[in-house]
């Protein structure tokens, strides 16, 4: 098996203009690929895939055997997934749900179209945990080949690691590879989804703590104060 560690060596910001629009595997919709690993991989060969998808009509999800999928509703409209065995799961906004992507649930949209973020990993190679964040500071210790991917839903965020600072706004994605000590900071109205990815057989330790009540991030870079609507 090829060693693609070099693909993960640099922290980077992925802007929405870098997303790749592709049809769903089953042809029933479109998705925007945010991050694919290894670089240059396809929907059939990826180890890690992060994507955004509008769900505009009730339809069946594509099957990805051997892949674990975290799905998170970003839109305000409600979304439920109904599986073949009758299991129905209502997705609360910004609350990730994990399921085996060999399963092909049908979407239910009682309020109309919505939007989701998917984090998918090839079973036996990578594992993922997905956490919703709101304006806060979060220290993370990444060990070995671990990787953090922060998708920015609202507000402003920074990721600081060993003198390197990535900063972004809603729609941007901050990618930080391990091993590293990373401090993630969002302003008061910020929302984000944090995916921690580890190679199978590796390890990651995560520590969580709230920072002091100020708007400055740990690298000494403050955020502009938000104006009242």
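Inspect all residues belonging to the stretch 71-81 and state whether any of them is more than 25 Å from residue 134 (Cβ to Cβ) and not in a strand (DSSP E or B).
Taking every residue of the stretch 71-81 in turn, none turns out to be more than 25 Å from residue 134 (Cβ to Cβ) and not in a strand (DSSP E or B).
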So in the stretch 197-229, with the set limited to residues that are under 20 Å from the mean Cα position of the chain (by Cα) and surrounded by fewer than 14 Cβ atoms within 10 Å (Cβ to Cβ), which one is modelled with the highest pLDDT?
200
Across the stretch 9-53, the tally of residues that are under 15 Å from the mean Cα position of the chain (by Cα) and part of a strand (DSSP E or B) stands at 16
Scanning the stretch 106-138 for residues that are in contact (Cβ under 8 Å) with a residue 40 or more places away in the chain, surrounded by fewer than 19 Cβ atoms within 10 Å (Cβ to Cβ) and not in a strand (DSSP E or B) gives 109, 113, 123, 124, 125, 136
Taking residue 6 and the conditions (1) at pLDDT below 95; (2) outside any loop (DSSP other than H, G, I, E, B); (3) touching a strand residue (DSSP E or B) at 6+ places or on another chain (Cβ under 7 Å), which numbered condition does it fall short on, given that it satisfies the others?
(3)
In the stretch 74-105, how many are over 22 Å from residue 63 (Cβ atoms) and either in contact with a helix residue (DSSP H, G or I) (Cβ under 7 Å, 6 or more places away or on another chain) or surrounded by 16 or more Cβ atoms within 10 Å (Cβ to Cβ) (or both)?
5
Return the pair list, or none, for Cβ contacts closer than 6 Å from residues in the stretch 56-77 that are touching a residue at least 60 places away in the same chain (Cβ under 8 Å) and at negative phi to residues that are assigned to a loop (DSSP other than H, G, I, E, B) and surrounded by 14 or more Cβ atoms within 10 Å (Cβ to Cβ), at least 6 apart or on different chains.
68/123; 70/96; 72/96
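Residue by residue, here is whether (1) closer than 15 Å to residue 131 by Cα; (2) part of a loop (DSSP other than H, G, I, E, B); (3) at pLDDT below 90 holds:
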residue	(1), (2), (3)
159	no, no, no
166	no, no, no
188	no, yes, yes
192	yes, no, no
195	yes, no, no
Among the residues of the stretch 140-162, which ones are surrounded by fewer than 16 Cβ atoms within 10 Å (Cβ to Cβ) and touching a residue at least 24 places away in the same chain (Cβ under 8 Å)?
141, 143, 144
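The values are calculated or read from the model by the stated rules, or taken from the named source; none is laboratory data. Being a predicted model, the structure only gives us computed values, none of them experimental. Cβ: placed from backbone, ideal geometry, glycine included. Neighbour counts: every protein chain shown.
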